[in-house]
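See below for the structure under consideration.
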Amino acid sequence: MLRPPLRLPQPFRRAASTAGPGRRLLLSTPIFYANGPPHIGHVYSALLADALHRHRGLRGAGPSRLSTGTDEHGLKIQQAAAAAGTSPPELCARISALFHQAFTQAAVSFTDFIRTSEPRHCQAVCHFWNALQERGALYKGTYEGWYCTAEEGFLPESQLTERVDAQGCTHKVSVESGHEVHWTKEENYMFKLSAFQDLLQKWLRDNPRAICPEPFYQRVLCWLGEDLPDLSISRERSRLQWGIPVPSDSTQTIYVWVDALVNYLSVLGYPETHGEWWPAAHHVVGKDILKFHAVYWPALLMAAGLSLPERIFVHSHWTVRGQKMSKSLGNVIDPFACNERYTVDGFRYFLLRQGVPERDCDYYDEKVVKVVNSELADALGGLLNRSTAPGINPSNTYPCFSETCFPKVVDYRETEALGRAAAEDYEFVVSVASLPLRVASYFEDFQIYKALECIALCVRQTNGFFQRHRPWKLDRKDPSEKLWLDTIIHVTLECLRVYGTLLQPVIPHTADRLLSRLAVEPEERLISNLTFLPRYNGKPCPFEGRQLGPDTGILFHRLEKSSQHQIENKRL
Ligand code: MSP
C-alpha cells in the first residue's frame, strides 16, 4: 500500500529571481556520463546553467550554488571500461577529471562537483531508497522488456524500429538514439510510478512555468496523458555490478537513473542539511533527459516525501554541419580545441548567442568566426576603440554630458530638436535604458540567446549613433562643439558600461576588460545597481570626469578564417 507523500508538491513558489532578496537557490547541470570525454553539447548544458548562475549573482538575488558532476555507475560505464581494457573506477576517475577540467577552462562557475561514486552520494542514494521502501512505493516483480544500454532504460515498442546491418541481420534499435536494444527479463524492484499520474498532472497544471520553454511543458503534459506504467528501478547484480547495491538486497543494483537523480540532493547534504536549500532548485537539462527529470524525478521525490524542484529548463541539441554528433561519424567536437581556436569567451558567446533552447542548432567553424568577429570584435570592440581613441578622447576620461546638447524631452516624436540630439538618438537611448529589464526577463524565461540578440542590436545602434554624429569632425577648440563632442562620448561610454555589465554572465573575461578600461570598480558592476545615463534624468553620474582605466589593447581580436576545418577533423 502506497502511503501518501508526507509533503505533496507545495504551492508553487515564484521563481527565485522574482522572489525577495536573500533567497537561496540551487542551479544544476545534469551530471555527465563518465564513458567518454566532454563534447560541446555537454559544455553548452553547463554554460546555460553558468550564465543563469552568474546573472543571478550579479542581480544580488541571494546566495546560489551551481552543481555539476559525473554520472559514473551503470552498464554503459561498465561496458565502456571493459572495451577500453580498464576498470570502471579508473575510467571514471580519468573522464571525471576531464569534465572538471573542461568546465573550469570554460569558466563555468560551479560551486559543487559531485561524482556518483563518492561515499557521500552513495549514502544519500541508500537513504533515498529506504525512504521509498518505507513509504510503500516499491514492490518486487518480474520485468521483461527491450533494454537500451546507451540510454540506460527500457523502451516501449512505440519507441523501437528495425535496422538491417551490413551482413543482412535485422536488429531492433531505439528510434530516438539509433542504439540497439536487447530483450531483458529479470526480477526487479518496481516503483509505483502509475500511482503518481494524477499528482504529476496537477503539479504541472498548477505550475505552468515549472517546465520551460513552453513546448517542453506541453510535451510532458502529453506524456502524462498517456499510459504511465510502473518503473523498474533495480537490476540483477549478476548483470550489473558497477552500481550501488539495494540496501536490503545485495542481489540487486539500484537503477542508474535513480542513483543519478539523487545527486541533486546529495550535493546539498541529504539527508541532513538539504532542507536549507531544497526545493529551491532549478535544473538545466537536455531534451533527451526530460522524461527522467519531469516525470520520474518528481514522482520519486513525492514518493520519498520530498517537495518538487521549482523549475526545469530544457534545451535542445547541437549538430555539426547538420549531422548529429557521434563517435562513429567522427564529428564529435572537442571543447578544449574550441577554446583554443575561438578563445573561451568567443566560444561561450557563440554557444549562448546561437543556442535556441526550443530547437536543435548547428555548429560549424565559419559560423562561429562570423558571429564572433562581427559582434564581439567589430561591433563591441570597435565601439570601445573608437570612443576611447586618443584622437577623439585625448584626456582619456569619461567626459561630461551636456543637457543643452541632449535635453530631456517628454516625447521625442512631438518635440522639435532643441539641442543637437536627433529623434533617432532619443529612440536609441530609450532602447538602451530598457535593456537591463529586458535582459533579466529573457534570463528568467531561459531565453538567453534573445537577451544577447537585444544587446547586439543596441551595440549596433550605438555604433550608428557614433557614426551619425561624426565626432572626429568636431572641433574640440570650439566650446560649443566640445560640449557636443563630450556628450557623444559620454553617451557611448555609458552604453558600453551597460553592455559590459550585462555581458558579464556570458563573456566574463572580455566584460571584465571592458569595464576595467571604463574604470568601473568591481562594486559598480552589479546588474542590480545598473543605471544608464543618469545625467539625462538630471541625476549625478559618478563616472563623469573620471580617468579611464589603462588601455590594454584590442578588446577582442578578430578570428582568422581557417581553410581546413581543423577542429571538426580532430577526432575525440
Ligand atoms: N548522465 C545523464 C544525466 C543524468 S542527470 C541526473 C546523461 N548524461 S549525458 O552525458 O549523456 O548528457 C548530459 C547532458 O548533455 C544532457 O543534458 C544532454 O542533453 C546534453 N547533451 C548531450 N549531447 C548534446 C548535444 N549534442 N547538444 C547539446 N546537449 C547535449 O544524460
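The values are calculated or read from the model by the stated rules, or taken from the named source; none is laboratory data. As the structure is a prediction and not an experimental result, all values here were calculated from the model. A quick note on method: Cβ atoms are made from the backbone with ideal geometry, for glycine too, and the neighbour counts reach across all protein chains shown. Just so you know, the surface numbers come from the protein's heavy atoms only, side chains and all, with ligands and any DNA or RNA stripped out. Shrake-Rupley method; radii C 1.70, N 1.55, O 1.52, S 1.80 Å.
Pairs needed: first member in segment 273-298, assigned by the TED database to the domain that holds Glu176 and assigned to a helix (DSSP H, G or I); second member anywhere, open to solvent by 30 Å² or more (accessible area, probe 1.4 Å) and near the ligand (Cβ under 8 Å from one of its atoms); C-beta distance under 8 Å; at least 6 residues apart or different chains.
Listed pairs, sorted by first residue: Lys287/His317; Asp288/His317.
Just checking, how many residues over segment 136-148 are crowded, with 18+ Cβ neighbours inside 10 Å and either among the hydroxyl-bearing types (Ser, Thr, Tyr) or closer than 17 Å to Leu300 by Cα (or both)?
Residues flagged as crowded, with 18+ Cβ neighbours inside 10 Å and either among the hydroxyl-bearing types (Ser, Thr, Tyr) or closer than 17 Å to Leu300 by Cα (or both) within segment 136-148 amount to 4.
Within segment 250-272, how many residues turn out to be farther than 13 Å from His121 by Cα and not in a strand (DSSP E or B)?
Qualifying residue count, segment 250-272: 2.
Among (1) part of a loop (DSSP other than H, G, I, E, B); (2) open to solvent by 40 Å² or more (accessible area, probe 1.4 Å), which single condition is Lys367 missing?
Condition not satisfied by Lys367: (1).
Suppose we filter segment 463-497 for residues that are surrounded by fewer than 23 Cβ atoms within 10 Å (Cβ to Cβ) and in contact with a Cys (Cβ under 6 Å, 6 or more places away or on another chain); how many remain?
2
Please go through segment 275-291 and give me each residue that is aliphatic (A, V, I, L, M) and either more than 14 Å from Trp223 (Cα to Cα) or more than 15 Å from the ligand (Cβ to nearest atom) (or both), ordered by number.
Listed by number, the residues that qualify are Ala280, Ala281, Val284, Val285.
What do you reckon, is His557 out of contact with any Phe, Trp or Tyr (no Cβ under 7 Å at 6 or more places or on another chain) and not in a loop (DSSP other than H, G, I, E, B)?
No; evaluated as a whole, the condition is false for this residue.
Sort out which residues of segment 177-215 are touching a Ser or Thr at 6+ places or on another chain (Cβ under 7 Å) and closer than 24 Å to Met302 by Cα, and write them in order of number.
Residues satisfying the conditions are Asn188, Tyr189, Met190.
Just to be sure I understand, how many residues within segment 302-354 are assigned to a helix (DSSP H, G or I), among the aliphatic types (A, V, I, L, M) and either more than 13 Å from the ligand (Cβ to nearest atom) or at pLDDT below 95 (or both)?
4
Filter segment 300-349 down to the residues that are of a type in the set (Asp, Glu) and in contact (Cβ under 8 Å) with a residue 24 or more places away in the chain, then identify the one that is farthest from His282 (Cα to Cα).
Ranking the candidates gives Asp334 first.
Got a sec? Which of Ser109, Ser117, Ser96 is open to solvent by less than 20 Å² (accessible area, probe 1.4 Å) and modelled with pLDDT of 95 or more?
Of Ser109, Ser117, Ser96, the one residue that is open to solvent by less than 20 Å² (accessible area, probe 1.4 Å) and modelled with pLDDT of 95 or more is Ser96.
Restricting to segment 204-243, give me the number of residues that are under 30 Å from Cys92 (Cα atoms), open to solvent by less than 40 Å² (accessible area, probe 1.4 Å) and in contact with a helix residue (DSSP H, G or I) (Cβ under 8 Å, 6 or more places away or on another chain).
5
With respect to Ser17, is the statement that it is surrounded by fewer than 24 Cβ atoms within 10 Å (Cβ to Cβ), modelled with pLDDT under 95 and closer than 23 Å to Leu526 by Cα true?
For Ser17, the condition - surrounded by fewer than 24 Cβ atoms within 10 Å (Cβ to Cβ), modelled with pLDDT under 95 and closer than 23 Å to Leu526 by Cα - is met.
Return the residues of segment 306-334 that are touching a Pro at 6+ places or on another chain (Cβ under 6 Å) and either open to solvent by 10 Å² or more (accessible area, probe 1.4 Å) or not small (Gly, Ala, Ser) (or both); say none if nothing qualifies.
Correct list: Leu308, Pro309, His315.
Starting from segment 46-58, keep only residues that are open to solvent by less than 10 Å² (accessible area, probe 1.4 Å), then list their pairs with residues that are part of a helix (DSSP H, G or I) and among the β-branched types (Val, Ile, Thr) whose Cβ atoms are within a distance under 6 Å, requiring at least 6 positions of separation or different chains.
Ala51/Ile448
Kindly check whether there is at least one residue in segment 124-145 that is touching a Gly at 6+ places or on another chain (Cβ under 8 Å), in a strand (DSSP E or B) and away from the ligand (no atom under 16 Å from the Cβ).
No, the conditions are met nowhere in segment 124-145.
Residue by residue, here is whether (1) within 12 Å of the ligand (Cβ to nearest atom); (2) closer than 30 Å to Gly22 by Cα; (3) open to solvent by less than 20 Å² (accessible area, probe 1.4 Å); (4) within 26 Å of the chain's Cα centre (by Cα) holds:
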{"site": "Lys202", "(1), (2), (3), (4)": "no, yes, no, no"}
{"site": "Val246", "(1), (2), (3), (4)": "no, no, yes, no"}
{"site": "Leu265", "(1), (2), (3), (4)": "yes, yes, yes, yes"}
{"site": "His293", "(1), (2), (3), (4)": "yes, yes, yes, yes"}
{"site": "Pro298", "(1), (2), (3), (4)": "no, yes, yes, yes"}
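Consider segment 65-93. How many of its residues are within 26 Å of the chain's Cα centre (by Cα), open to solvent by 30 Å² or more (accessible area, probe 1.4 Å) and modelled with pLDDT of 95 or more?
Residues meeting the conditions: 2.
Say we look at segment 149-176 and pick out the residues that are open to solvent by less than 30 Å² (accessible area, probe 1.4 Å) and either in contact (Cβ under 8 Å) with a residue 60 or more places away in the chain or over 22 Å from Ile77 (Cα atoms) (or both); which of these is farthest from the ligand (Cβ to nearest atom)?
Here the residue is Leu160.
Anything in segment 211-234 that is of a type outside the set (Phe, Trp, Tyr), in contact with a Leu (Cβ under 8 Å, 6 or more places away or on another chain) and within 16 Å of the ligand (Cβ to nearest atom)? List them, or say none.
If the condition is that a residue be of a type outside the set (Phe, Trp, Tyr), in contact with a Leu (Cβ under 8 Å, 6 or more places away or on another chain) and within 16 Å of the ligand (Cβ to nearest atom), then Ile211, Arg219, Val220, Leu231, Ile233 are the ones that fit.
Kindly indicate whether any position in segment 183-201 is under 30 Å from Gln323 (Cα atoms) and not in a loop (DSSP other than H, G, I, E, B).
Yes: one or more hits.
Taking helices (runs of 4 or more DSSP H) that fall entirely within segment 379-456, which contain at least 2 residues that are at pLDDT below 95 and open to solvent by 10 Å² or more (accessible area, probe 1.4 Å)?
423-433
Those residues that are in contact with a Lys or Arg (Cβ under 9 Å, 6 or more places away or on another chain) and either under 30 Å from Ser45 (Cα atoms) or among the charged types (D, E, K, R) (or both), I need them from segment 456-480; list them, please.
Ala456, Asp475, Arg476
Specify which of the listed residues (Ser528, Ser516) is assigned to a loop (DSSP other than H, G, I, E, B), among the small types (Gly, Ala, Ser) and either assigned by the TED database to the domain that holds Phe401 or open to solvent by 50 Å² or more (accessible area, probe 1.4 Å) (or both).
The conditions single out Ser528.
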